[in-house]
Amino acid sequence: MSVNRGCTVHGKNVGLHGDKTSSGAQCIAARPGMSVMGLLKLYIGDKTTPCPKCGEVGVIVDGDHRCSNSAAVAVDGAEIRCGCPQGTNFLIAPGTIPQLSEAKTRMAPVVSPEPEQHAQTAKKRNGK
């Protein structure tokens with residue numbers, strides 16, 4: 001099942017970690033902080049896995065110069081520079097993203113050790 005990406009800049013979808021390029025490489029978000037539905041945003045300068053066509057790691061070299069997290073964001077259609085001819089490899093940021101399964105998104109509850117420590121102290125005082 002897919003859900004709406006919900007993040008656009010000037011009408012173009014913002015790239016997210018794991019988005020593909022036109023050559024089939026996968027984009028890798030390098031800046032922590034800004035995310036959409038748990039996926040980090042892509043920025044100009046972020047890299048890709050090796051390009052299946054030329055074998056070189058790609059770099060996102062253009063996007064929208066509106067800044068987010070103090071850097072220009074990568075949007076759908078942003079050029080990816082690798083060993084392929086210039087302008088032939090670009091970011092594909094679709095309008096929807098796969099919804100994470102409930103099992104993956106469910107987090108174990110965080111339990112503070114403080115209540116247990118108080119209980120142990122009370123038992124010691126009462127001699128139990």
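The values are calculated or read from the model by the stated rules, or taken from the named source; none is laboratory data. What you see is a predicted model, and the numbers here were worked out from it, not measured in a lab. Cβ placement follows ideal geometry from the backbone for every residue including glycine, while neighbour counts extend to all protein chains displayed.
Taken over the stretch 65-88, the criterion of being at pLDDT 95 or above and basic (Lys, Arg) is satisfied by 81 alone. When 31, 5 are screened for being at pLDDT below 95, surrounded by 14 or more Cβ atoms within 10 Å (Cβ to Cβ) and in contact with a Ser or Thr (Cβ under 8 Å, 6 or more places away or on another chain), only 5 passes.
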